[in-house]
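Have a look at the structure below, then the notes.
The values are calculated or read from the model by the stated rules, or taken from the named source; none is laboratory data. Fair warning: this is a prediction, and the values are worked out from it, not measured in the lab. Glycine gets a Cβ as well: all are built from the backbone with ideal geometry, and neighbour counts include every protein chain shown.
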Amino acid sequence: MTDHFKALEGHVAGLRGVVRSGMLRSITLGGLVQAVRTLAVGDLEPSNIFKILAEILREKPAIVTDAERLTYRDLEQRIQGIAGGLQSRGLARGDKIVLMLHNSPRFVEAYNAAIRAGAAAVTASYHLRGEELAYIVNNSEARAIVYDDSCGAAVEEALEHLVLPPSELLRVPIGRPPGEGETAYEALNRPDAFRRVPKSERQGTTIVYTSGTTGNPKGAVRNMSNLGVSLLGKLLSAIPIARDDIHLVTCPLYHSLGSAFAMVHFAVGATMVMLPEFEAEAAFRAIERHRVTSLVMVPTMLRRLVDFPLERAKRFDTSSLRLIVSGASHLPQELRERIIGRFGPVLYDMYGATETGIVSVANSSDMLLKPGTIGKPFWGNAVRILDDHGRELPPNMPGELYIKNDQTIEGYYRNPNATTKSQRDGFFSVGDIARQDDDGYLFLEDRKIDMVITGGVNVYPKEVEDVLLRHPEVKDAAVLGVPDEQWGERLIAVIVPRGGVGDPAELTGYCREKMARFKVPKSFYFVEELPKGNTGKVLKRRLRERYGELEPPGR
């Protein structure tokens, strides 16, 4: 009975979220008919929400860039047309289509068209080099690639490392005329060729390759049919996204965070303003020009916003902002407080992963009431915190966080060992260490792979990093463990100092005042910038490679 009551509570919360978003305010007879028709044939993939929105919102701007403006009707027509063009080229159920694109309307079109055509969309970073791209094409068994002209060199290099003969790979460049063996993107716009894919034959998936901080990236497979109205409502009950929002897209759409929140905003009928890449002043300018109401950013972007010179920032009117969401990596408490101080209590910190979807949300009040929390799991998420033997731990004890929900991926593509290692009794883990307090709030301690054992004692680098980031002369910090004959591992800290010059003695003394001695880094190294991936996560593997063999000062 308790489970049924919780489920009912979740559905009520979801309905409340949908009503609050304003999704239902613009419903028309045509939209209602299209919605019934879409649901009647089981077309629950997010790509088909555009069929309904094209009837309801028609001429409302869906995507705005410096160069173009697409209405919801325009966008639906192009999705349908590109889907038809892909089908006319023989792409069907089970086929994979790699997208290597900057943020643009073309990404949204191609991504949704691939899914509507019955294939799977495989997203790839536009920063990849040839061999890295070849790994993804080979591993996913892709039959097509759509890419920006700026990625052309990487594609050409990748062709030399493919398992599939290049002549059998459909190559579609955007931004230039097609060359030999390539197809023009606009030539794919064939609405007359589209054939609805029966549900029994539909692939309806997307594959997102994880960042690969250790070894080759893994392809996370998600069935898009699982992401229904109920899940959308539950998310809207936790984060107040609304139909009237003007959403600034700054995170790369090839990553789960950017694409997930773009799709949620699309689902409620909001307008997307797209920047091809993030730059702080360009973001401030776009906020003022378009009266942007919502942002979704990784912590690195948010730090650049609050570090932007205040006198220059004051030139831009940001009063329209009512929602800032952070995700993809750890948001330090000091940065949380600076953001709230600058923009007001509009900050939401979202915890989730490519593999698990969105798990918990902390609003500004939560962050001030429970410093460091990532919030409570929102409706539809079951969590377990387990020790190394799979035993559930009591409140306030850190352990590996396992999650079960409707968003969890089916597994890693062609990697059953990695899939099996990540699961326990239907729950999924990405290796995060967390604890849950007596009130149900979650606190992220660290990644399991980043935990350091020094002198037999477990140390979570994030805890040390949070202390260092509170020092006024520390702009950024990464703490990690490197091999040590005496201690097994020793802690080191790589620091980006604010003034350009760091003082190791000052930081050692500061750390000794704030934490136990075994948590104090044995040595400090100072750099101009930390190596980071596209979502702002520090690439500690590179730091280990650089500093792991160095003897600590004084030995």
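Considering only residues that are without any contact (Cβ under 8 Å) to a residue 24 or more places away in the chain, part of a loop (DSSP other than H, G, I, E, B) and closer than 17 Å to residue 476 by Cα, which ones fall in the range 501-548? Can you show your working first?
Filtering the range 501-548 down to residues without any contact (Cβ under 8 Å) to a residue 24 or more places away in the chain leaves 505, 508-509, 512-513, 516-517, 531, 542, 545-546.
Then drop every residue that is not part of a loop (DSSP other than H, G, I, E, B), which leaves 516, 531.
The answer is 531, and nothing else.
Say we look at the range 361-414 and pick out the residues that are free of Cβ contacts under 8 Å to residues at least 24 places away in the same chain and among the acidic types (Asp, Glu); which of these is nearest to residue 436 (Cα to Cα)? Filtering first and then ranking leaves 392. Residue 408 meets each of the listed conditions (1) within 21 Å of the chain's Cα centre (by Cα); (2) under 14 Å from residue 384 (Cα atoms) apart from (2).
Of the strands (runs of 3 or more DSSP E) that lie entirely inside the range 48-142, those containing 2 or more residues that are out of contact with any Ser or Thr (no Cβ under 7 Å at 6 or more places or on another chain) span 69-71, 96-100.
Would you mind finding the one in 310, 295 that is crowded, with 23+ Cβ neighbours inside 10 Å and not assigned by TED's automatic domain parsing to the domain that holds residue 496?
Of 310, 295, the one residue that is crowded, with 23+ Cβ neighbours inside 10 Å and not assigned by TED's automatic domain parsing to the domain that holds residue 496 is 295.
Scanning the range 279-323 for residues that are over 18 Å from residue 337 (Cα atoms) and in contact with a strand residue (DSSP E or B) (Cβ under 8 Å, 6 or more places away or on another chain) yields 283, 286, 287, 290, 291, 292, 293, 294, 320. Of the residues making up the range 331-353, those that are in a loop (DSSP other than H, G, I, E, B) and surrounded by fewer than 23 Cβ atoms within 10 Å (Cβ to Cβ) are 332, 344, 345, 346. Is at least one residue of the range 495-508 at pLDDT 95 or above, within 32 Å of the chain's Cα centre (by Cα), crowded, with 16+ Cβ neighbours inside 10 Å and among the aliphatic types (A, V, I, L, M)? There is at least one residue in the range 495-508 that is at pLDDT 95 or above, within 32 Å of the chain's Cα centre (by Cα), crowded, with 16+ Cβ neighbours inside 10 Å and among the aliphatic types (A, V, I, L, M). Residues of the range 433-447 that are crowded, with 17+ Cβ neighbours inside 10 Å and under 14 Å from residue 393 (Cβ atoms): 433, 434, 435, 436, 442, 443, 445. Of all residue pairs spaced 6 or more apart or on separate chains, those with beta-carbon atoms under 8 Å, a first member in the range 119-148 that is at pLDDT below 95 and a second member that is acidic (Asp, Glu) and part of a strand (DSSP E or B) are 126/148. For the range 415-424, the candidate set comprises residues that are in contact (Cβ under 8 Å) with a residue 60 or more places away in the chain and outside any helix (DSSP H, G or I); within that set, the residue that is surrounded by the fewest Cβ atoms within 10 Å (Cβ to Cβ) is 415. When the range 43-72 is filtered for residues that are without any contact (Cβ under 8 Å) to a residue 40 or more places away in the chain and not small (Gly, Ala, Ser), the ones remaining, listed by number, are 51, 52, 55, 58, 59, 66, 68, 69, 70, 71.
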